[in-house]
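Comments concern the structure below.
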Amino acid sequence: MPSTNGSIASTSRAPHSRLTTISSHVSSKPSKVVVCRDLGPDVMPILTERKDLEVVLWPEDRACEREWLLKNIKGAAGVLVMITDIVNEEFLETAGPNLRVVSTMSVGYEHVDLKQIAKRGLRLGYTPAVLTDAVADISIMLALMAGRNVNETMAIVREGQWPKFTWSPFAMCGPQISTTAHSPSRTIGFLGFGRISQATLSRAVSFGVTDCIYHSNPSSPPKLERDQAILKQHQPQLKSLRSVDLDTLARESDVVIVLAPGGEKTKHIINEEFLRKMKKHAVLVNAARGTLVDSDALAKALREKWIWGAGLDVIEGEPNISADHPLLKEPRCNIVPHIGSATFETRLGMATLAADNVVGGILGDKMPAELDLSS
């Protein structure tokens with residue numbers, strides 16, 4: 001049982017939700033690592049069973065309180081944070097000169113002040129790659145939901161209106177991803193064409209997509225060899241793969257999937273101008289960051305039927321999305337609460353990677369996934 005000061009002088013597998021500090025019995029002083037959320041019985045032992053670490057764990061299953069975090073990071077060599085924990089100048093100054101590494105259990109790092117991290121010569125770990133398949137899965141799921149009017153039609157059942165609904169030949173219909181005799185080609189478009197987009201394309205090809213276009217960072221050099229290899233991999237089903245400008249992405253895509261980084265450079269890149277250029281039967285999917293899509297413009301596009309529908313895993317301002325949000329009023333807007341990585345397998349992988357990163361950073365060893373801050 002915890003003592004009155006909240007510490008446990010052992011490494012036993014007690015319920016982690018009741019742990020605040022787990023200290024090891026060693027003669028030399030262990031390095032302090034602060035963990036902002038319980039990573040579960042499969043991952044916490046990576047940290048707690050090391051005799052060279054003193055683990056200070058936020059004891060509740062909710063976002064770590066800022067006051068608690070600032071109090072406990074003083075003197076820490078490493079901190080393992082979630083995307084809800086802001087790592088800024090205040091955070092780093094409070095931690096002090098012993099800090100060597102910040103490890104975030106996320107792919108995104110908008111909550112981390114990279115300039116401050118680099119200025120202090122600190123290392124930053126993150127968790128890319130392990131969630132590629134999970135986010136690709138949900139991107140396809142949202143595209144299907146948007147095309148097949150899932151939010152709108154499920155409401156008919158949920159609200160008890162199905163018995164009153166009058167069937168007709170084209171009632172509840174929407175555009176499908178796969179090709180037919182009447183629609184012999186289907187173009188999927190990506191904003192950003194990294195690992196997740198490529199995994200999503202692999203899934204979309206199985207549904208009958210025939211062409212792929214994408215728009216990526218204009219400053220990035222063309223990757224013709226990569227694209228040729230991807231096209232060859234998916235032939236003969238996939239007829240073409242090419243990089244295009246934003247205007248072409250909007251005009252030619254039957255499905256636009258947003259999988260680009262967040263930040264000021266991409267804020268509201270999907271705006272009214274872009275949405276007005278899309279096909280009337282096209283759908284928009286955002287599984288990246290809410291800031292890339294102008295919510296008001298998208299609500300207007302759906303309301304005035306410039307596009308068919310939308311599937312969103314992220315919204316600007318989340319999680320503070322109230323019932324009167326304009327997108328929640330649109331029947332053809334299918335929204336889930338940022339669950340792109342929410343599979344048991346993926347979260348376990350992310351947690352493990354975050355723990356390994358913080359250990360590597362504290363010990364001065366190689367980190368499995370370290371963000372390059374040299375540029």
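Side notes on the structure shown:
- Annotation: extensible slack from Lys115 through Asp52 equals 19.7 nm (criterion: 0.36 nm per residue apart, minus Cα-Cα distance).
- Taken one residue at a time, the phi angles of region 297-314 give Karplus couplings (6.51, -1.76, 1.60, θ = phi - 60°) of 5, 5, 4, 5, 4, 6, 5, 9, 6, 6, 10, 6, x, 9, x, 10, 9, 9 Hz. Gly and Pro are set to x.
- Per-peptide packing, taken as the mean over residues of other Cβ atoms within 10 Å, places 188-197, 172-181, 212-221, 71-80 in the sequence 188-197, 71-80, 212-221, 172-181 from highest down.
- Each of the peptides 35-48, 260-273 was scored by the mean count of other Cβ atoms within 10 Å over its residues; in descending order, highest first, they stand as 35-48, 260-273.
- The share of alpha-carbon pairs in the chain lying farther apart than 30 Å comes to 47%.
- Hydrodynamic radius (Kirkwood) for region 129-178, which is based on Cα pairs only, to one decimal in Å: 12.7 Å
- Vicinal HN-Hα couplings computed from phi for region 370-375 (Karplus, 6.51 cos²θ - 1.76 cosθ + 1.60; Hz; Gly/Pro x): 10, 6, 6, 9, 6, 7
- With neighbour counts taken as other beta-carbon atoms within 10 Å, the residues Ser28, Ser243 rank, fewest first, as Ser28, Ser243.
- Among 359-372, 228-241, the peptide with the highest mean count of other Cβ atoms within 10 Å heads the list, and the full ranking is 359-372, 228-241.
- Amide H contacts for Asn334 (H built 1.01 Å from N in the peptide plane; partners 5 or more residues away or on another chain; cut-off under 5 Å): Ala310, Gly311, Leu312.
- All Cα pairs of region 29-172, percent lying beyond 20 Å: 60 percent
- Length gained on full extension, Glu264 to Asp372: 36.9 nm, using 0.36 nm per residue less the C-alpha separation.
- For Leu80, the residues 5 or more places off, or on other chains, whose built amide H falls under 5 Å of its own are Val34, Val35, Cys36, Ser103.
- Percent of Cα pairs in region 132-335 per distance bin of 10 Å, from zero to the largest separation: 9, 36, 36, 15, 3, 0.
- Remark: region 332-338, residue by residue, has Karplus-estimated 3J(HN,Hα) of 8, 9, 9, 10, 10, x, 6 Hz, where x stands for each Gly or Pro and the curve is 6.51 cos²θ - 1.76 cosθ + 1.60 at θ = phi - 60°.
- Structure-based [θ]222 nm, the chain - -39500 (n - 2.57) summed over DSSP H runs of at least 4, per residue, nearest 500: -9000 deg cm²/dmol
- Once backbone amide H atoms are built at 1.01 Å from N, Glu54 has Ser31, Lys32, Val33 as its partners under 5 Å, excluding neighbours fewer than 5 places away on the same chain.
- Coarse-grained scattering of region 180-244 at q = 0.12, 0.13, 0.21, 0.28 Å⁻¹, given as base-10 log I(q)/I(0) from a Debye sum over alpha-carbon atoms: -0.28, -0.33, -0.82, -1.38
- Calculated FRET value between Glu152 and Gln235, using beta carbons and R₀ = 25 Å, to 0.05: 0.10
- FRET efficiency, Glu159 to Arg66 (Cβ-Cβ, R0 30 Å, nearest 0.05): 0.15
- Computed FRET value (nearest 0.05) for Leu224 with Leu328, which takes r as the C-beta separation and R₀ as 56 Å: 0.85
- Here the simple spin-label model places points 7 Å from the Cα toward Cβ, and for Thr343 and Leu246 these points are separated by 3.3 nm.
- Links that overshoot a 26 Å alpha carbon limit, given the list Lys32/Lys265; Lys265/Lys329; Lys164/Lys329: Lys32/Lys265; Lys265/Lys329
- Kirkwood Rh in Å, taken over region 288-375 so that all alpha-carbon pairs contribute: 15.9 Å
Bear in mind these aren't lab numbers, they're just calculated from the coordinates by the rules spelled out. Quick caveat: nothing in here was measured; it's all calculated off a predicted structure. No Cβ is skipped: glycine too gets one built from the backbone with ideal geometry, and neighbour counts run over all protein chains shown.
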